[in-house]
1. Got a sec? Which helices (runs of 4 or more DSSP H) wholly within the range 103-190 have at least 3 residues that are modelled with pLDDT under 90, in contact with a helix residue (DSSP H, G or I) (Cβ under 7 Å, 6 or more places away or on another chain) and within 28 Å of residue 220 (Cα to Cα)?
2. Residues in the range 233-243: is at least one farther than 17 Å from residue 92 by Cβ, within 26 Å of the chain's Cα centre (by Cα) and either surrounded by 15 or more Cβ atoms within 10 Å (Cβ to Cβ) or modelled with pLDDT under 90 (or both)?
3. With respect to residue 223, is the statement that it is modelled with pLDDT under 90, in contact with a helix residue (DSSP H, G or I) (Cβ under 9 Å, 6 or more places away or on another chain), surrounded by fewer than 17 Cβ atoms within 10 Å (Cβ to Cβ) and outside any helix (DSSP H, G or I) true?
4. Taking the criterion of being in a helix (DSSP H, G or I), modelled with pLDDT of 90 or more, crowded, with 24+ Cβ neighbours inside 10 Å and over 13 Å from the mean Cα position of the chain (by Cα), would at least one residue in the range 193-209 satisfy it?
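The values are calculated or read from the model by the stated rules, or taken from the named source; none is laboratory data. Keep in mind the model is a prediction, meaning the values are calculated, not measured. Neighbour counts run over all protein chains shown; Cβ positions are idealised from the backbone, glycine included.
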């Protein structure tokens, strides 16, 4: 019972923190500078990691799909269709977001948590600055803008990895792979992928900010908050993934 009550209390504080984040806005130029800094950390600094993971995800998915298709009556282009559909609907948005939850989520929680334990957030409040808006809003907007970009980038790299792996293994040539991509493509798949990216970006940025904002103690508690931010973000991503699939597909 105490665990349930604590969960409701945490959820209430989370909602109130989100509400505070959109009140007491300061000058646009200040938020622009903060948003630019956060966007670099979220977007540019994640490109290499996303590329490596996506490349091997596409390659492994292609090889395993080819291994499972043993019937000579199934055209080779089916491999491209399966890999492409899986990449758009699931692999690019979900795998990328789970990876970024570890990198970006822990970073957000540790940054804000360090400011809390060093009393920098209290100093902002004393100066009359809404600390929730100042700290959370730029990170939230950065995630909402750059998560879809990173997911689209990941989807492209997964396709490249699939084409390369198919050609190197001899399972499917690039022409057959592209035919499979085009044969089962639907515009709604891209819309669904972007909806997932926006949802997951919102979850990671806000949950991680909440964990860091309400941390109490010292360096050890900041580390624990960063761990909780990653674990809870990953769990919420998986739940949201199922809910979105159930509602939209």
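1. Once the helices (runs of 4 or more DSSP H) in the range 103-190 are filtered for at least 3 residues that are modelled with pLDDT under 90, in contact with a helix residue (DSSP H, G or I) (Cβ under 7 Å, 6 or more places away or on another chain) and within 28 Å of residue 220 (Cα to Cα), what remains is 106-117, 120-126, 131-169.
2. yes
3. no
4. yes
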